[in-house]
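Participant: Once you've had a glance at the structure underneath, I'll fire off some questions.
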Amino acid sequence: MRIGLAGAGRIGARHAAALCALPEVDSLAIADADAARARDLAARLPSRGRALDTVGELFTAELDGLVVAAATDAHADLVGRAIAARIPVFCEKPLASDLDGTFQTVAAAASTGVPVQVGFQRRFDAGNAAAREALASGRLGWLHTVRSCSFDPSPPPAAYVPSSGGLFRDCVIHDLDLIRFVTGREVVRVMASGANRGDDFFREYGDIDTGSALLVLDDGTLGVVSATRYNAAGYDARLELFGSKDSVVTGLDAKTPATPLPERDAEPRPAYSGFMERFSDAYDAELQAFVDVAAGRRANPCPPEEALEAFYLAEACELSMRQGRIVGTEEVRR
Ligand SMILES: NC(=O)c1ccc[n+]([C@@H]2O[C@H](COP(=O)([O-])OP(=O)(O)OC[C@H]3O[C@@H](n4cnc5c(N)ncnc54)[C@H](O)[C@@H]3O)[C@@H](O)[C@H]2O)c1
């Protein structure tokens, strides 16, 4: 298959390596708004990777699939152009940086039938899939509480922040999608808050570095989502399901960056260095799924309508934080 990649930054480089390792991928055409980045990445890849001079060439290269890993504010345009060229697309989360872009992309995909798979890789994490099954089996009873966290060890480069959409749309959106995916329930109300205690550039760009939200699900389950850019102990992405009969947690293992007290072992503990390490298998699995979707071999595991639902929740969190009040998710739906 001929696959294209738009965006040769942090996650683009990781996806490029994974795509080149797939037997189905014969060639990978890489483009970036900064052409030197595409060239540098292609030079580090096996011979199947080659750089294009311009992003526009992606849409005339007769691709079988396009992976969009560009900055968030470029997603809607790139996905829209791929849909117009009838190229199946994998797009990193979030599908767009605002609700209008998300809505337009969902509509374009629906009206053309071109597959658009969104990069919520946590759905492909073995622990999260097992948690979903455990809940569906009835083994946990009814859920009283679900908690999900996304704690980055260190902040992204300052230049990443203005095009990211902000902490709720950029980061907490993973937790929001995961809670919907695992519980199969919808969120009806949120109450969110944020804090700025780290580098000044978050505040200067109108963003926060730490945020949390209390969620009320449509069956009465309470949820808590939390994210920060400053968890120096390591990368921590845990999902906890507390049920009337039993509880399960994912992401809790020898590399979870939290020290149980009282401390029994003074040896330094290895911790997850970042999302790349924690979700390595999940990233590989979602890209394998994408080439299968693009080849028409499997159903889309994360269609744009799902990304829209998660985006509504991120919007509701943002509004709740800005206005300091409980927001019903119907307020932000269209
Ligand atoms: N699923 C995940 O866990 C995960 C993790 C990290 C990033 N992401 C998402 O991936 C995207 C990229 O994040 P990153 O950390 O790699 O950012 P990055 O800043 O490292 O890289 C972004 C790249 O996109 C390029 N770019 C900007 N506009 C472009 C355009 N119109 N066409 C082509 N290239 C363009 C930039 O030049 C840059 O090289 C973001 O949307 C982010 O939300 C997802």
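Participant: Examine segment 190-202 for a residue that is within 16 Å of the ligand (Cβ to nearest atom) and at pLDDT 95 or above, and state whether such a residue exists.
Facilitator: Our first condition is that a residue be within 16 Å of the ligand (Cβ to nearest atom); within segment 190-202, this holds for 201-202.
From what is left, the residues that are at pLDDT 95 or above are 201-202.
Yes, there is a match, as at least one residue in segment 190-202 is within 16 Å of the ligand (Cβ to nearest atom) and at pLDDT 95 or above.
Participant: Go through the residues of segment 152-162 one by one and say whether even a single one is within 16 Å of the ligand (Cβ to nearest atom) and among the charged types (D, E, K, R). If you could, list the steps in order and put the result at the bottom.
Facilitator: Filtering segment 152-162 for residues within 16 Å of the ligand (Cβ to nearest atom) gives 152-162.
Narrowing the set further to residues that are among the charged types (D, E, K, R) leaves 152.
Yes, the conditions are met somewhere in segment 152-162.
Participant: State all residues of segment 53-66 that are within 10 Å of the ligand (Cβ to nearest atom) and open to solvent by less than 50 Å² (accessible area, probe 1.4 Å); if no residue qualifies, say none. Reasoning before the result, please.
Facilitator: If we filter segment 53-66 for residues that are within 10 Å of the ligand (Cβ to nearest atom), which is where we start, we get 54-56, 58.
The answer is Val55, Gly56, Leu58.
Participant: Just give me the residues in segment 29-72 being in a loop (DSSP other than H, G, I, E, B) and charged (D, E, K, R), in sequence order.
Facilitator: Step one: filter segment 29-72 for residues in a loop (DSSP other than H, G, I, E, B), giving 32-34, 45-48, 52-54, 61-64, 69-71.
Across segment 29-72, the qualifying residues are Asp32, Asp34, Arg48, Asp53, Glu62, Asp64.
Participant: On to the next question. Of the conditions (1) more than 16 Å from the ligand (Cβ to nearest atom); (2) surrounded by fewer than 24 Cβ atoms within 10 Å (Cβ to Cβ); (3) not in a strand (DSSP E or B), Val182 clears all except one; give me its number.
Facilitator: Here Val182 meets the rest and fails (2).
Participant: Kindly list the number of the only condition in (1) without any contact (Cβ under 8 Å) to a residue 40 or more places away in the chain; (2) assigned to a helix (DSSP H, G or I); (3) in contact with a Phe, Trp or Tyr (Cβ under 8 Å, 6 or more places away or on another chain); (4) not aromatic (Phe, Trp, Tyr) that fails for Thr256.
Facilitator: Condition (2) is where Thr256 drops out.
Participant: Which residue out of Arg123, Arg147 is open to solvent by 20 Å² or more (accessible area, probe 1.4 Å), basic (Lys, Arg) and not in a helix (DSSP H, G or I)? Before the answer, list the steps.
Facilitator: Details: Arg123 fails: not in a helix (DSSP H, G or I).
After ruling out the rest, the residue left standing is Arg147.
Participant: Answer yes if at least one residue in segment 95-104 is open to solvent by 50 Å² or more (accessible area, probe 1.4 Å) and within 12 Å of the ligand (Cβ to nearest atom), and no otherwise. If you could, list the steps in order and put the result at the bottom.
Facilitator: Step one: of segment 95-104, the residues open to solvent by 50 Å² or more (accessible area, probe 1.4 Å) are 98, 100, 103-104.
Now narrow it down to the ones that are within 12 Å of the ligand (Cβ to nearest atom): none.
Checked segment 95-104: no residue is open to solvent by 50 Å² or more (accessible area, probe 1.4 Å) and within 12 Å of the ligand (Cβ to nearest atom).
Participant: State whether one or more residues within segment 197-209 are touching a residue at least 12 places away in the same chain (Cβ under 8 Å), part of a strand (DSSP E or B) and either touching a strand residue (DSSP E or B) at 6+ places or on another chain (Cβ under 7 Å) or open to solvent by less than 70 Å² (accessible area, probe 1.4 Å) (or both). Walk me through how you get there before you give the answer.
Facilitator: If we filter segment 197-209 for residues that are touching a residue at least 12 places away in the same chain (Cβ under 8 Å), which is where we start, we get 197-199, 201-202, 205-209.
Still in the running and part of a strand (DSSP E or B): none.
No, there is no match, as no residue in segment 197-209 is touching a residue at least 12 places away in the same chain (Cβ under 8 Å), part of a strand (DSSP E or B) and either touching a strand residue (DSSP E or B) at 6+ places or on another chain (Cβ under 7 Å) or open to solvent by less than 70 Å² (accessible area, probe 1.4 Å) (or both).
Participant: A further question follows. List, please: which pairs have Cβ atoms under 7 Å, are six or more places apart or on different chains, and start with a residue in segment 150-179 that is touching a residue at least 60 places away in the same chain (Cβ under 8 Å) and closer than 25 Å to Pro304 by Cβ and end with one that is within 11 Å of the ligand (Cβ to nearest atom) and aromatic (Phe, Trp, Tyr)?
Facilitator: The qualifying pairs are His174/Phe120; Asp177/Phe120.
Matching residues to (1) under 21 Å from Ala314 (Cα atoms); (2) open to solvent by 10 Å² or more (accessible area, probe 1.4 Å); (3) within 15 Å of the ligand (Cβ to nearest atom):
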site	(1), (2), (3)
Asp219	yes, yes, no
Thr228	yes, yes, no
Phe242	no, yes, no
Leu252	no, yes, no
Ala271	no, yes, no
Ser280	no, yes, yes
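Participant: Does any residue in segment 121-141 that is modelled with pLDDT of 95 or more come within less than 7 Å, Cβ to Cβ, of a residue that is of a type in the set (Asp, Glu) and open to solvent by less than 30 Å² (accessible area, probe 1.4 Å) six or more places away or on a different chain, and which pairs are these?
Facilitator: Final answer for the pair search is Gln121/Glu286; Phe124/Glu286.
Participant: Return the residues of segment 259-290 that are assigned to a helix (DSSP H, G or I), in contact (Cβ under 8 Å) with a residue 40 or more places away in the chain and not charged (D, E, K, R); say none if nothing qualifies. Please lay out each step first, then the result.
Facilitator: Residues of segment 259-290 that are assigned to a helix (DSSP H, G or I), as a first pass: 275-278, 280-290.
From what's left, in contact (Cβ under 8 Å) with a residue 40 or more places away in the chain: 275-278, 281-290.
If the condition is that a residue be assigned to a helix (DSSP H, G or I), in contact (Cβ under 8 Å) with a residue 40 or more places away in the chain and not charged (D, E, K, R), then Phe275, Met276, Ala282, Tyr283, Ala285, Leu287, Gln288, Ala289, Phe290 are the ones that fit.
Participant: I need the full set of residues from segment 30-48 which are modelled with pLDDT of 95 or more and either open to solvent by 30 Å² or more (accessible area, probe 1.4 Å) or more than 12 Å from the ligand (Cβ to nearest atom) (or both), in order please.
Facilitator: Within segment 30-48, Ala33, Asp34, Ala36, Arg37, Arg39, Asp40, Ala42, Ala43, Arg44, Leu45 meet the criteria.
Participant: Here's a follow-up. Within segment 294-321, can you find the residues that are open to solvent by less than 40 Å² (accessible area, probe 1.4 Å), more than 20 Å from Gly113 (Cβ to Cβ) and among the hydrophobic types (A, V, I, L, M, F, W, C)?
Facilitator: Listed by number, the residues that qualify are Ala310, Phe311, Leu313, Ala314, Ala316, Cys317, Met321.
Participant: Something else: Is it true that Arg81 is open to solvent by 50 Å² or more (accessible area, probe 1.4 Å) and either within 9 Å of the ligand (Cβ to nearest atom) or outside any strand (DSSP E or B) (or both)?
Facilitator: Numbers: open to solvent by 50 Å² or more (accessible area, probe 1.4 Å): yes; either within 9 Å of the ligand (Cβ to nearest atom) or outside any strand (DSSP E or B) (or both): yes.
Yes; evaluated as a whole, the condition is true for this residue.
The values are calculated or read from the model by the stated rules, or taken from the named source; none is laboratory data. Everything numeric here is computed off the predicted structure, so don't read it as measured data. Heads up, the Cβs are rebuilt from the backbone with ideal geometry, glycines too, and the neighbour counts pull from every protein chain shown. SASA here: full protein model, heavy atoms, side chains in, ligands and nucleic acids out. Shrake-Rupley method; radii C 1.70, N 1.55, O 1.52, S 1.80 Å.
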